[in-house]
Structures are given as C-alpha cells and as structure tokens.
Amino acid sequence: MTHRSAEVPESAEAPESAEAPESAEVPEDVTDWWATGISRIRPGEILLRGYPVEQLIGQVSFAETIWLLLRGELPTPAQGRLLEAALVAAVDHGPQAPSIAAARMAATCGLGLNNAVATGVNLLGDVHGGAGQQCMEVLAELEAAVAEGADLDDAAKNLVAEYRATGSRIPGFGHRFHPYDPRRTPLLDLVGAAVADGEAPGWALRAGTALERALAEGRSRPVPMNIDGATAIVYSELGFPPELGRGLFVLSRSVGILSHAWEEKSGGARIKGPLPRRLLPSYEGPAPRDLNRPESGGHSTGSA
C-alpha cells in the first residue's frame, strides 16, 4: 500500500507554540529595499503609522484611517468630516458613467469581482475621472497669482478668457447630465463652515467661487461647479496635492464600481454589451457587395 504524506496548505497557520525563527543578519541595503514609514508588520504586530491596529479598530473611521495612512497623523474632527463628505459625494454616478458600465459588462463575462472592479477603475483617466486633479491645479494657479498681488476676480476672468480663446473647458465646471450638480452646495457649505471655524484656510473656496462667477459673466445660463470642482476645493483646503486628489476620487468611485459589478453579477446575466441585443450599432461602411475575383488558372511554381 502506498502512503501519501499529508500536504499542508500554504495558508495554514503554524501551531501556537511555534516560535518565529530568529532573523539572520541581513545587510541594510536589503531591508531598506522596501523601507516604509506607513506600516510595520511583525509576527503578532501590525502598526499603522505607529498605531497598533487593534487600537484603531472600532475607534477610528475609514476616512480617518485614509488620512492617517496618507498624511502620517490622524485628522482633526473637522478635517475628518470634510474628507468623508467628499468621499461620500463622489461614490457613484450610475451606469451612464463609462467606468461603471465597463465594470458591469465585465461582471457579465464571467470575471471575478476583482477583475470587474479593476476594469472600471482602469477607465478613470484624464477625461473620465481626472477633472478633479486638473481643477486643483487651476485653483493653485489662481492662488499663486493672488500671492503675486493679482486681484482674485481679475485673475479668474483672465483665466476664463484664456481657456475660451483655445476652446478649452475649465475642469470642474458644467456637467453633461446635471443642469445643477446636487453635490456642489452641500460640500461648499461644509467647507464654508470649516473656514468660518478656522479649520480650513479658505483660499480654494474663494478661488473656486471666483471662477464660477467669471464663467457666469455674459451668459444667459451659468456654468455651475460640478462634483470635480467641489471635491477639488475640499481636497485643496485639506492640503492634499492634486495627484492625490485624483487618487481619492478613484478610491471613492471604487465603491460604486464594486456595488454595480456585484449587482450585475448577482443578476446572472451573461455577456451584456453596451447596447441591448435588439439594437444594432449604426453602420457607416460600404453597401453590401459581392466578392468578384478573376478565376485563377493555377499558380506557377517554376523559376523564371
């Protein structure tokens, strides 16, 4: 009789009595290869920015933990509220958003949730998902002009004129779907309250509203701020660099992408494309035609 030795899965934990082996002396250039100030992971220990994770669990919100890992310290209560509000505001915008639609299509193709979410997130780029970062850069440009002595409203008008001269849109303003973005005012009200309480500097709020005024001049219909502009103000007031503004948007929208992918996957539909099956894309190619080739008398294989 052949006896097979039992195989232990790689994920199996060692017996409680087992002691972690002493680490051999390793050169610093090896241990510093992935040196980090974010976390320290040892047997039985998880530190996040120096805090034991067991002390954070149940005491610190997810938004506060995001701030801790990105910034190194816990936020003030006002900072935590503003960050959470911005994350909540941008969480979803339905299947008309390409990132959501792509994740739902991926979920009907038999992919796992991780692949479906990655599909949606990977559609968030400069055009779809990048306006918040771009708006933060514009706000910083206005603040720099004011620091050099320019009047804020004049600087905003000049910037709007520059964009219009090139036919470009100012990121963070106007919306292809909403005449007035319902997420704008609640976020700006929270920022205004934080500024009044001395919890935020106020420069980004002033710059954003100056741009909104400049865009409205000479128009019968204003061009109100959208979610990208409102969250750009929040993240700028909180001191995040523009690139992290995009990262925070991606983090927020990932929740909506996940929920839509799960809903589609749970529905059991298979291979849903961008259009219902009864609809066909418009065709703009040549009219139907026959293939007419002269009859071939055979191929010569000899040399000339």
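Computed values, structure above
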| read-out | value |
| --- | --- |
| Members of the stretch 75-94 that are under 22 Å from E199 (Cα atoms) and either in contact with a strand residue (DSSP E or B) (Cβ under 9 Å, 6 or more places away or on another chain) or surrounded by fewer than 16 Cβ atoms within 10 Å (Cβ to Cβ) (or both) | T76, P77, V88 |
| Options G239, G256: the member that is at pLDDT 95 or above and buried (at least 16 other Cβ atoms within 10 Å of the Cβ) | G256 |
| Test: D228 is among the acidic types (D, E), within 25 Å of A102 (Cβ to Cβ) and in a helix (DSSP H, G or I) | yes |
| Checklist (1) among the charged types (D, E, K, R); (2) more than 20 Å from V250 (Cβ to Cβ); (3) in contact with a Pro (Cβ under 7 Å, 6 or more places away or on another chain) applied to R104, failing item | (2) |
| Among the candidates A102, A97, residue that is surrounded by 20 or more Cβ atoms within 10 Å (Cβ to Cβ), within 30 Å of L190 (Cα to Cα) and of a type in the set (A, V, I, L, M) | A97 |
| Members of the stretch 24-38 found to be without any contact (Cβ under 8 Å) to a residue 24 or more places away in the chain and closer than 24 Å to L74 by Cβ, listed by number | A35, T36 |
| In the stretch 179-221, residue farthest from the chain's Cα centre (by Cα) [restricted to those that are surrounded by fewer than 22 Cβ atoms within 10 Å (Cβ to Cβ) and among the β-branched types (V, I, T)] | V195 |
| Residue count, the stretch 119-157 (criterion: in a loop (DSSP other than H, G, I, E, B), aliphatic (A, V, I, L, M) and buried (at least 16 other Cβ atoms within 10 Å of the Cβ)) | 2 |
| Residues of the stretch 105-118 that turn out to be surrounded by fewer than 21 Cβ atoms within 10 Å (Cβ to Cβ) and within 13 Å of the chain's Cα centre (by Cα), as a count | 1 |
| Residue within the stretch 176-189 that is among the β-branched types (V, I, T) and part of a helix (DSSP H, G or I) present | yes |
| Residue check for E264: in contact (Cβ under 8 Å) with a residue 12 or more places away in the chain, loosely packed, with under 14 Cβ neighbours inside 10 Å and either touching a helix residue (DSSP H, G or I) at 6+ places or on another chain (Cβ under 8 Å) or more than 20 Å from E141 (Cα to Cα) (or both) | no |
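This table checks each residue for (1) modelled with pLDDT of 95 or more; (2) out of contact with any helix residue (DSSP H, G or I) (no Cβ under 6 Å at 6 or more places or on another chain); (3) farther than 27 Å from W203 by Cα.
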{"residue": "A118", "(1), (2), (3)": "yes, yes, yes"}
{"residue": "Q134", "(1), (2), (3)": "yes, yes, no"}
{"residue": "A156", "(1), (2), (3)": "yes, no, no"}
{"residue": "L159", "(1), (2), (3)": "yes, yes, no"}
{"residue": "G174", "(1), (2), (3)": "no, yes, no"}
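The values are calculated or read from the model by the stated rules, or taken from the named source; none is laboratory data. Because the structure is a prediction, the values reported are computed rather than measured. With ideal geometry, Cβ positions are generated from the backbone for all residues, glycine too; neighbour counts draw on all protein chains shown.
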